[in-house]
Each structure stands twice: as structure tokens, then as C-alpha cells.
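The values are calculated or read from the model by the stated rules, or taken from the named source; none is laboratory data. All values derive from a computational prediction rather than experimental measurement. For neighbour counting, all protein chains shown are included, and Cβ atoms are generated from backbone atoms with ideal geometry for every residue, glycine included. Just the protein is used for accessible areas: all its heavy atoms, side chains included, with ligands, DNA and RNA removed. Shrake-Rupley method; radii C 1.70, N 1.55, O 1.52, S 1.80 Å.
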Amino acid sequence: MMRHSWFVSLRSAAMDAGPVNNVILLADSYKVGHYQQYPPGTTLLYCYFESRGGKFPYTCFFGLQYILKRWLVGPVVTRQAIQEAKEIYSNVYMNDEDFNEDGWNYILEHHGGRLPLRIKAIPEGTIMPTRNVLFTVENTDPEVPWITTFFETVLVQAWYPTTVATNSRIYKQVIHHYLALTHDNLLLLDYSMHDCGYRGVSSVETAAIGGAANMINFKASDTVAGSCLLRKYYHVETVGGISGSGSEHSTITTWGRHREADAFKHMLNIYKGRAIGCVIDSYDMWKCCEEILGGQLKELVKDHAKSGGYIVVCPDSGDPNVVVLKCLEILGQQFGTETNSKGYKMLPAFLRVFQGDGVSYKSIGTILETLKNNGWSAANVGFGSGASLLQRLDRDTQKFAYKCSQAVVGGEEVEVYKEPITDTGKTSKKGRLTLQRDNGTFTTIQHGKGDPEKDLLVAVFENGELLLDYTFDEIRQRAQLTPDDISILKFLADEK
């Protein structure tokens, strides 16, 4: 009971955070008057969300459950919300005529403030080829068809977690490829890419959403906000990503240039028997590898290993394709190497290199190809990524769109679509949609001609209630790499 109370109070605090707490204010303001623009007699609007293509050939769907729980579940329309929205929109429009006060009051009085919407979606974590429907939305009360399009704004924000999850999965495919080629096993894969993007994104909420999305693919992260989101909305009891103790430039340079060795010695003493990350480029990273860690402190490093610890050496400047290889070569000379079953060199188990500067899925591929060509296993290196992972993305990365494809007007079903003569790529789908998989291929069936028994879209929300509540473990399992995945090398080659 105490835990439940704590969770409720924590969720309430989260709901009260930020400048917007009113569901009626979650739309672009131009949508407020759209209820007046539909044909008289309109009783239903049916919309869908898809990726119309973009950088990657598939999407890893994630984040709708967060949006639903955060904003749409329960009696979200209140008298106070209506009055606040009326005041704000009246000032935005400079009139009192466009705001649909009667419509919102109808939802309050006839539905207890719960939204009469039905949302069907693919299960979160599903890997879906682009140009297929990801979720559909329709009104369940013919008196308020306009709410289907009104909530486009907030629902389309599923683009961000989905794009991050997709982007990080591409990272994983690249690393998987090189581990499979150059190492004995794939045990390091889930921990081989570290989320360093907390400070590099636009807000704490962005960090939470993006950090959680990345944790679908990788279990190493410094973006603790992602774990906080997963604990609240996806049934994670502990955390979604782990980290370790590491230095930064300030903790090394405050010792002074001539006491850099003392800084590392201090770390080895205070973190005895633990994993530690040592940033090595405060001054001369080659000297640091060879003369400090591999010279003055070599025996202390080995003693650290004997007590169960290991060291991750972190270069943080220069050309990664040059720096990583040179660090490995110096450390290999100082500490020795072994050859694994694939014929590639390995540093001692207590020593690794971590590249966290200039990292993207493209640069990882370049770095690991260089290591392979020089006889080094990919297992010697871990990676960290920030802006390229969580921030250097937008809605057009995967060309996400939310469009109306069917209406009922005067009792007649009408197929709704757009077909711009200037951009056929923006042609939208028509009629009711089903998502089917036949002979291993996903297909979105239009015009209401699909087989309901084969439809992969499942109801997740109806009339203010969450119908399915996915756990993060389920989502991670769906997103696992499979033998059916695209050839990542072909994908990278096609990009160049």
C-alpha cells in the first residue's frame, strides 16, 4: 500500500510538471476551429500513423504507451481545463467563436471527461518496414468526430522515441556484425554502446524519452532519466541501463599537468576491485597510455585486476578512426595481447578502450572495419554516443505522418486521401486499414479489404482506458536482432 501511494504521488508530481498540464492544450492552435470545417453530417473520422520512408528501411515502434499513460488515460477533460483552454485559445485567436466549448463540455458531461477514442497499434518493440501503418485512431462517439484529428499533435510525438529506438538498433546491427566476425561470442553486445546524451538533448523530458528508447537495444547508459520513465510507464523495477565510475577532465586536470599519474593512482585506490573509466586526453593521451597507465602505474593496474577490477581507457578527442587503433597498439605493447578463436588480438580482460567522441553508427562501422583490418577484435572497444543518438534526429528522419483515411458523412463511408502532384511520396492511404503478414512480408491493406482475423493492429486504448500495458521486457524481446534483419553493410554502402 505504501509503495502504491508513493507511485501515485510520484506520477502526480510528474503530471504536474512543465508548462502544459491541460489535455485540451496539446494541439497546434490552428486545430481548435477544425470541428467547424468538416462536412455537415460528419460522424466519424479515422486516421493512421506511419513512416513514409526516410533514412532507415524500418522502424522500431516505441513510446505510444508513454503518451497514452502520460496524457490521455482517465478523466482528463475537466471544467477547469475547459475554462483555461477557452481563455488561452480566445487570446490566441483574438475571438471567442472558434473554441469548441460545447464539444468539450459534451465530453465532460457524457463521458465523464474520458476521451471517446479507439486506438489500435502494433505491439511496441515491433520492427516494421516503412510505409506500413503503425497505429490507427477513430472516435467512438458520432457527436465528436473532430477529436480524432485534434489529438494528432501529441500522438505524432511518438516519432521521437520510435526514431531513437530505430537509430540505436542500427548501431547495434553494426556492432553485432563486427563482433560476430572478430570475437568468440556476443556477450558484450548489449553493453557495447553507452548513452551519453543526457546533456546533449533539449530537455529532461527529451532525455527521459530518448534514453528509454535507446535502452530497448542497449543496457549501458548515463541517461538515468530514461530509467525513471521506464519505472513509471513500462514496469521496470530497477533500471533499464547501468553505468560505472569514471573520471572527467575536471577530476584529472585539478591535479595539475605534472600530477596526472597521481590522479589515476588515486582512482585505482578509491575504486579498488571495481570497473573505472579513465579519460586520458587531458594532455598527451599517447604518453598517458604508454608511460603512465602502461608504465608508472602498470603494476597497480594489474593489482587492480587481481582484486576483480578493470579499466576502461577513454580517449575523448582526435580522429576516432586513428585514435582507437593507436590506443590499442600502445596498450597491447605495454600489457600484451592474446589471440581469440577467430584469430584476432585481444587486450587482457581487465583492459578496454572506450570511444565516446565523434560516435555515430557510421563512424562505428569505420572504426571497427579499421580494427578488423589491423587484426583487432571489436570486443576490445566500447562506444558512447550523445547527440548523434538522441538529438540529431527529427520527424523527417523517418518521414512520419498522421493522416485521415476514412470518414462517415451523412451515414455514408467516404475514403479520404491526399495525392499531391508535386510529391507523390506524400500520397496517403485510403479507407480502413489492416496490417497483415503473409509469407513473412508485412503489408498494409487499404480500402477496408483486409482480413480482420489477420490484423496485427491491436486495441490499446478505448474511451479513456488503457487496454494493453506492455512491460519493457516484452518490448526488448520483440526488438531483438534476428537472422531476417537487413544487411547492415549493404545499407551503409547504399548511404555513401
Discussion item. With +1 assigned to the C-beta of every Lys and Arg and -1 to the C-beta of every Asp and Glu, and no other charges, what is the dipole magnitude of the chain about the Cα centre in debye, to the nearest 20?
Written reply: 1420 debye
Worksheet item: Averaged per residue, what accessible area in Å² does region 170-230 show with a 1.4 Å probe, protein chains only?
Response: 34 Å²
Discussion item. Counting only Cα atoms, I'd like the Rg/Rh figure for region 164-254, Kirkwood definition for Rh.
Written reply: 1.03
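N373 to E237: extension gain in nm, 0.36 nm per residue of separation minus the Cα-Cα distance? Working shown, then result.
Working: separation 136, 0.36 × 136 = 48.96 nm, distance 4.26 nm.
Once the chain is fully extended between N373 and E237, it gains 44.7 nm.
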Worksheet item: In Å², what does the accessible area per residue of region 384-475 work out to with a 1.4 Å probe?
Response: 54 Å²
Fill in: Between region 284-341 and region 174-212, the alpha-carbon center distance in angstrom
22 Å
Worksheet item: Taking only Cα atoms, what is the 0 to 90° angle, nearest 10, from helix 224-233's long axis to the longest principal axis of the chain?
Response: 40 degrees
Fill in: Gained length - V224 relative to T482, 0.36 nm times residue gap less alpha-carbon distance
90.1 nm
Response to the item:
In nm, the gap between the two label points placed 7 Å beyond Cα toward Cβ at E143 and T443 is 4.2 nm
Worksheet item: For region 267-280, in order, what is each residue's ³J(HN,Hα) by Karplus, 6.51 cos²θ - 1.76 cosθ + 1.60 with θ = phi - 60°, in whole Hz (x at glycine and Pro)?
Response: 5, 4, 6, 7, 10, 4, x, 10, 7, 9, x, 10, 6, 10
Worksheet item: Residues of region 279-310 with amide nitrogen under 14 Å from the 7 Å Cα-to-Cβ point of R199?
Response: 279
Item to complete: Round to the nearest 10 and report in Å² the accessible area of I175, as given by a 1.4 Å probe over the protein chains' heavy atoms.
Response: 10 Å²
Worksheet, complete the sentence: Once the in-chain neighbours fewer than 8 apart are removed, the aspartates and glutamates whose Cα is under 13 Å from K69 read E462, E465, D469
Item to complete: When you have a sec, figure out the Kirkwood radius of region 320-371 from all distinct Cα pair distances and drop it here in Å to one decimal?
Response: 11.8 Å
Fill in: 3J(HN,Hα) from dihedral phi, region 95-106, Karplus parametrisation 6.51/-1.76/1.60, rounded to Hz, x for glycine, proline
7, 9, 8, 7, 5, 8, 4, 5, x, 5, 5, 4
Worksheet entry | Modelled FRET efficiency - R0 41 Å, S317 with T471, Cβ distances, 0.05 increments | 0.50
Discussion item. Suppose every Lys and Arg Cβ carries +1 and every Asp and Glu Cβ carries -1, with no other charges. What dipole size does region 209-335 come out with about its Cα centre, to the nearest 20 debye?
Written reply: 480 debye
Worksheet entry | Positive-end extreme of charge dipole, the chain - chosen from Y233, G410, G440 (charges on Cβ) | G440
Discussion item. What figure, in Å² to the nearest 10, do you get for the accessible area of I276 with a 1.4 Å probe and non-protein molecules left out?
Written reply: 0 Å²
Worksheet item: Which shape class, rounded, prolate or oblate, goes with region 114-219 when its Cα gyration tensor gives a ≥ b ≥ c as root eigenvalues, a/c under 1.5 marks rounded, and past that a/b bigger than b/c marks prolate?
Response: prolate
Discussion item. On a straight-distance basis, which aspartates and glutamates could pair with K362 in a cross-link, Cα separation under 13 angstrom, same-chain partners fewer than 8 positions away excluded?
Written reply: D494, E495
Worksheet item: Going 7 Å from the Cα of N95 toward and past its Cβ, which residues in region 17-31 have a backbone nitrogen under 17 Å from where you end up?
Response: 29-31
Worksheet item: Among N380, G343, V137, which residue has its Cα positioned farthest towards the positive end of the charge dipole of the chain, with +1 placed on the Cβ of Lys and Arg, -1 on the Cβ of Asp and Glu, and the dipole taken about the Cα centre?
Response: G343
Practice prompt. Figure the gain on full extension for A387 and V458 (residue separation times 0.36 nm, minus the Cα-Cα span) and round it to one decimal in nm.
Written response: 22.2 nm
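Could you work out the local net charge near T59, counting Lys and Arg as +1, Asp and Glu as -1, over the other residues with Cβ closer than 15 Å to its Cβ?
Here the charged neighbours net out to +3.
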Response to the item:
Most packed first (mean Cβ within 10 Å per residue), the peptides 209-220, 183-194, 377-388 order as 209-220, 377-388, 183-194
Discussion item. Under 5 Å between amide hydrogens, which residues at least 5 positions from I242 or on another chain qualify, with H placed 1.01 Å from N in the peptide plane?
Written reply: A220, S221
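With the Cα gyration tensor of the chain in hand, give its eigenvalues times 5 under a square root as the equivalent ellipsoid semi-axes, listed largest first in whole angstrom.
In descending order, the three semi-axes are 50, 26, 18 Å.
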Worksheet, complete the sentence: Inter-part gap, Cα centre of region 58-137 to Cα centre of region 371-391, in whole angstrom, is 41 Å
Discussion item. Quick check on the chain: of the DSSP beta bridges with both residues there, what percent are antiparallel, nearest 5%?
Written reply: 65 percent
Item to complete: Tell me the label-point distance for the pair T253, E87, using the 7 Å Cα-to-Cβ offset, in nm and rounded to one decimal.
Response: 4.9 nm
Fill in: Under the Karplus curve 6.51 cos²θ - 1.76 cosθ + 1.60, θ = phi - 60°, whole-Hz ³J(HN,Hα) for region 349-361, x wherever Gly or Pro sits
4, 8, 9, 9, 10, 10, 9, x, 10, x, 9, 9, 5
Practice prompt. Show C228, C314, C60 ordered by accessible area, largest first, where the area counts protein heavy atoms only and the probe is 1.4 Å.
Written response: C228, C314, C60
Response to the item:
Evaluated at 4 °C and 1.567 mPa s, the Stokes-Einstein D of region 268-354 based on the Kirkwood radius over Cα pairs, in µm²/s, stands at 98 µm²/s
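Per the Kirkwood formula on distinct C-alpha pairs, the Rh of region 28-130 is how many angstrom? Show your work: numbers first, answer last.
Working: mean 1/r = 0.0607 Å⁻¹.
After inverting the pairwise mean of 1/r, the radius is 16.5 Å.
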Worksheet item: For region 186-259, which GluC sites (Glu not before Pro) are both in a DSSP coil and crowded by at most 13 other Cβ atoms within 10 Å?
Response: E237, E248
Worksheet item: Roughly how many percent of the accessible protein surface of the chain is carbon and sulfur, given a 1.4 Å probe and a whole-percent answer?
Response: 50 percent
Discussion item. For region 272-318, take every pair of Cα atoms, bin their distances at 10 Å starting from 0, and report each bin as a whole percent.
Written reply: 29, 52, 18, 1
Practice prompt. With a point put 7 Å past each Cα toward its Cβ, work out how far N185 is from Q36 in nm, to one decimal.
Written response: 6.8 nm
